[in-house]
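Since the structure comes first, as structure tokens, the remarks are kept for the end.
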Amino acid sequence: MLTFTSDTHQYFWNSIPVPSVTQIIEDAGLSSFDKVPWHILKKAAEIGTYVHKAADLYDSNTLDFANLDDFLLPFLEAWQLFLKETGMKILQSEKKLYSQKYGFAGTLDRLGIIQEEEALIDIKTGVKSISHGVQLAAYEQLCKENKLTEKRRLKRITVKLKENGSYSIDSYKDRSDFAVFLNALAINKFKNKLR
């Protein structure tokens, strides 16, 4: 059984710690923020967390707009605009999944249907990274393995929500992304043997 501890961002499979998609990518150095000051990273992470939570509450019709921080409103408006303009039907939201085949876990942001095509969506508030395609490929594997989709391939996109209420979309089609993730996973496992 998969469990998650939010304060340490740690996944457990049958009480045994397992690495997350994000940890694996960071461990391999695919998303390095070494040159970014800690206080900026911390603030960016907090913004991302709050935006994700607001979007999830909105999608489940449980968002209390009266108590929504004004700072989050433009990000939420961007998400609403994306949903309206794409007509996306949400199938899964903030779903925690485990790969028994490979031994990793992760939380996919959204699985949905856009123009009759199944799409895996990752919500972003920060800068574009080469690791995003790799991250989405890992989530695609989790969706297939956990039978959330019958499709051989999913459309993989990031939706960047902006402070001005707009959004941008990046699509990831490189089929070598999952091979890169598996190499990152091998690095993660090797490093953990040394610890």
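Computed from the coordinates by the stated procedures, all read-outs in this text should not be read as laboratory data. Keep in mind that this is a model prediction, so the values were computed, not measured. Positions of Cβ are generated from backbone atoms using ideal geometry, with glycine treated the same way; all protein chains shown enter the neighbour counts.
Odds and ends about this structure:
- Counted by neighbouring Cβ atoms within 10 Å, the residues Phe178, Phe82, Phe4 run from fewest to most as Phe4, Phe178, Phe82.
- Using alpha-carbon coordinates, inclination of helix 131-145 to the longest axis of the chain, degrees: 80 degrees
- Exposure rule at most 16 other beta-carbon atoms within 10 Å, DSSP loop GluC sites (Glu not before Pro): the chain longest free segment: 1-115
- Fewest-first sequence of Lys151, Lys124 by Cβ atoms within 10 Å of each Cβ: Lys151, Lys124
- For the chain, modelled as a GNM whose springs connect Cα atoms under 10 angstrom apart, the maximal fluctuation among Ile16, Ile123, Ile90 occurs at Ile16.
- Build a GNM of the chain with springs between Cα atoms under 10 Å apart, and of Gln141, Gln115, Gln80 the one that fluctuates most is Gln115.
- Shape of region 154-194, Cα gyration tensor, a/c cut at 1.5: oblate
- Percentage relative contact order, the chain, counting C-alpha pairs under 8 Å, at least six apart: 22 percent
- Taking the Cα centre of the chain as origin and assigning +1 to Lys and Arg Cβ atoms and -1 to Asp and Glu Cβ atoms, the resulting dipole is close to 840 debye.
- The chain shape via C-alpha gyration tensor axes, a/c threshold 1.5: prolate
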